[in-house]
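For reference, the structure discussed in these notes is given below.
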Amino acid sequence: MTAVHAPGVPVIEDGELVSTHPATGAEAGRFAVADADDVRRSVARGAEAARWWAGLGHAGRRQRLLRWRALIANRLTEIAELINREGGKPVADGIVETTAAIEHIDWAARNARRVLGPRRVRSRLVLAEFSAHLEYQPYGVVGVIGPWNYPVVTPLGSIAYALAAGNAVVFKPSEYTPAVGQWLADTFAEVVPEHPVLQVVHGLGDVGAALCRSGVAKVAFTGSTATGKKVMAACAETLTPVLIEAGGKDAMIVDADANLDAAAEACVWGGLMNAGQTCIGIERVYAVEPVYDAFLAKVVERAQRLTVGDGPEAQIGPITMPSQIEIIRRHIDDAVARGGRAVLGGPDAVRPPYVHPTILVDVPEDAAAVREETFGPTLTVKKVRDADEAVTLANALPYGLGGSVFGRRRAMAIARRLRSGMAAVNSTITFVGMSTLPFGGVGDSGFGRIHGDDGLREFGRAKAITKRRGPSLLPAMTFERTPKQVGLIARTIKMLYGRG
Ligand code: NDP
């Protein structure tokens with residue numbers, strides 16, 4: 001008998017994880033739940049697959065990753081529709097998300113050899129008789145734990161780079177998006193059928209915890225800060241290195257010389273798309289006094305035009321995780337109770353499974369709506385004296401993921417001063433699609449980087465080799481050195497480094 005499920009709430013039924021649409025409750029798929037032994041077995045199979053995959057070399061992996069990229073590009077609509085069926089995200093947004101992921105697969109595949117491959121580096125005078133060699137070798141099996149809000153681009157930020165670096169991957173998708181995770185592994189297996197180089201293990205949080213303890217050589221985690229701490233604690237038991245991509249509370253700063261139409265358009269997009277369920281989404285806005293009123297009016301005018309619902313025309317879909325609705329409600333209610341005003345939406349905007357666009361002003365800076373990750377289609381907008389005050393307030397939280405600055409003369413300088421891993425000037429979020437740039441946070445937003453050269457190096461161990469190319473003029477590292485030679489070494493070092 002098939003049970004009736006609360007829409008969007010994943011349940012385990014007969015050993016299977018059942019994934020449902022957050023608005024309609026329609027089943028999106030069911031998948032066998034792994035236990036700790038299953039996870040360990042997957043990692044053991046992955047270790048064998050990793051040896052084969054590493055043995056293909058950069059050229060072999062590049063060819064296969066580019067084939068996978070082509071397959072996903074050709075089935076773009078299929079995956080966007082699956083993202084919609086499972087998480088409620090509008091299909092257009094799923095297409096945009098997958099486009100960014102395709103870009104990353106392409107870039108990682110094409111650049112892995114340049115960034116990670118063997119190379120000579122310069123020797124120094126004191127060890128001139130040795131040549132120096134550097135390469136980045138794969139870890140083996142990397143465990144990837146992903147969230148539900150961007151079920152393609154977020155895990156692929158780790159998976160594509162880990163694969164390009166020569167690792168096998170065991171991926172634990174969020175319990176809210178197992179079907180998308182399975183689709184990624186199935187399509188990869190279509191182009192790499194020989195070995196299980198990319199595997200998926202399904203289940204609830206305990207399966208993620210089991211993956212941390214399964215003997216993987218590295219864990220790449222994307223999710224909330226609270227879970228990130230648990231992942232680190234589990235990995236600490238075995239000194240397993242971790243990459244933590246955690247939450248954020250990104251700010252936008254609007255300076256006096258900003259193009260207000262462009263700023264308002266980007267603010268509404270950056271804050272409200274994907275119903276605000278974006279780690280690098282804009283949640284707080286600081287606009288300088290001379291432009292505040294005009295900017296706010298433009299934001300409200302645009303935000304109130306957005307369509308909310310589940311149909312093909314909807315721009316704001318349902319909240320994927322039903323429990324998040326109470327957090328969004330608490331933030332809005334608390335903001336209003338503490339003197340904030342809703343210039344659009346407000347407490348009545350929370351109509352499960354939807355939250356309608358809500359713009360809050362005059363919210364105290366210590367309110368939950370300003371300090372905590374809301375993850376809903378809400379924005380707080382605050383009037384500030386000048387850009388300096390905006391930077392101080394933007395930097396006042398423990399989070400530090402991305403950020404956005406609108407302005408002309410001072411915009412780049414302000415972007416540099418934001419305490420964050422990324423910033424966008426006269427746009428929002430755009431850094432996530434720029435595969436040449438690293439992506440990651442500071443503070444409570446995590447550490448380590450995906451994307452770009454740094455993202456490839458994150459999945460390779462630096463291997464350093466020195467090779468003798470001649471006899472030592474100053475033999476230091478041998479018991480056979482003479483007192484005279486040691487004296488010569490000391491005089492040489494003084495001559496080289498003793499001045500200045
Ligand atoms: P969670 O932290 O709840 O879950 C993330 C993943 O961790 C899920 O697969 C989850 O499994 C798994 N997990 C849960 N408990 C454990 C555990 N004890 N050990 C190991 N793994 C565990 O985050 P959400 O899925 O709710 O994702 C939203 C969060 O992700 C937001 O905070 C958002 O800001 C952040 N995020 C960060 C990004 C970045 O790049 N910095 C990008 C996208 C999102 P299960 O779902 O089964 O519980």
With the convex hull built on the alpha-carbon atoms of segment 186-294, volume per residue in Å³ sits at 169 Å³
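In debye, nearest 20, what is the charge dipole magnitude of the chain about its Cα centre with +1 on Lys and Arg Cβ and -1 on Asp and Glu Cβ, if you could check?
Values: 57 positive and 52 negative charges, 722 e Å.
Magnitude of the dipole: close to 3460 debye.
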Computed for segment 186-233: size of charge dipole around the Cα centre, +1 on C-beta of each Lys and Arg, -1 on C-beta of each Asp and Glu, debye to nearest 20, value 440 debye
With every protein chain kept in place and a 1.4 Å probe, the residues Cys279, Cys235 fall, from largest accessible area down, as Cys279, Cys235
Square roots of five times the C-alpha gyration tensor eigenvalues of segment 1-135, ordered largest first and given in whole Å, equal 43, 22, 13
quick note, the chain, DSSP beta bridge pairs, % antiparallel (nearest 5) is 45 percent
Using alpha-carbon positions, the gyration tensor of the chain gives root eigenvalues a ≥ b ≥ c; with a/c under 1.5 called rounded, otherwise prolate if a/b exceeds b/c, else oblate, the class is oblate
Using the Kirkwood radius over Cα pairs of segment 341-500, the Stokes-Einstein translational diffusion coefficient at 20 °C and 1.002 mPa s, in µm²/s and rounded to a whole number, is 102 µm²/s
Along the dipole axis of the chain (charges at Cβ: +1 for Lys and Arg, -1 for Asp and Glu; origin at the Cα centre), the most positive-end residue among Ala92, Val144, Val486 is Val486
Applying the span-like rule to the chain (DSSP H, Cα extent along axis at least 18 Å, Kyte-Doolittle mean at least -1.0) gives 36-55, 57-74, 91-116, 178-191, 289-303, 324-337, 483-497
Packing-ranked peptide list from 42-51, 99-108, highest mean Cβ count within 10 angstrom first, is 99-108, 42-51
Magnitude of the Cβ-charge dipole (Lys and Arg +1, Asp and Glu -1) of segment 1-94 about the Cα centre, nearest 20 debye, reported as 840 debye
Honestly segment 455-500 on the Cα gyration tensor test (a ≥ b ≥ c root eigenvalues; a/c under 1.5 rounded, otherwise a/b vs b/c for prolate or oblate) is just oblate
Most packed first (mean Cβ within 10 Å per residue), the peptides 161-174, 292-305 order as 161-174, 292-305
Taking a ≥ b ≥ c as the square roots of the Cα gyration tensor eigenvalues, with a/c under 1.5 meaning rounded and otherwise prolate when a/b beats b/c or oblate if not, segment 247-289 comes out oblate
Note: segment 240-385, point scatterers on Cα, Debye, no solvent; log10 I/I(0) at q = 0.18, 0.20 Å⁻¹ equals -0.98, -1.19
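Can you give the relative contact order of the chain as a percent, counting alpha carbon pairs under 8 Å and 6+ residues apart?
17 percent
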Given Cβ charges of +1 for Lys and Arg and -1 for Asp and Glu, the option among Gly181, Ala234, Gly208 whose Cα lies farthest towards the positive end of the dipole of segment 146-241 is Ala234
For segment 321-382 the trypsin sites (Lys or Arg not before Pro) that pass both the DSSP coil test and the at-most-16 other-Cβ-within-10 Å test are Arg338
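The values are calculated or read from the model by the stated rules, or taken from the named source; none is laboratory data. What you are looking at is a predicted structure, and each value in this text was computed from that prediction instead of being measured. Positions of Cβ are generated from backbone atoms using ideal geometry, with glycine treated the same way; all protein chains shown enter the neighbour counts. What goes into the accessible areas is simple: the full protein's heavy atoms, side chains included, and nothing from ligands, DNA or RNA. Shrake-Rupley method; radii C 1.70, N 1.55, O 1.52, S 1.80 Å.
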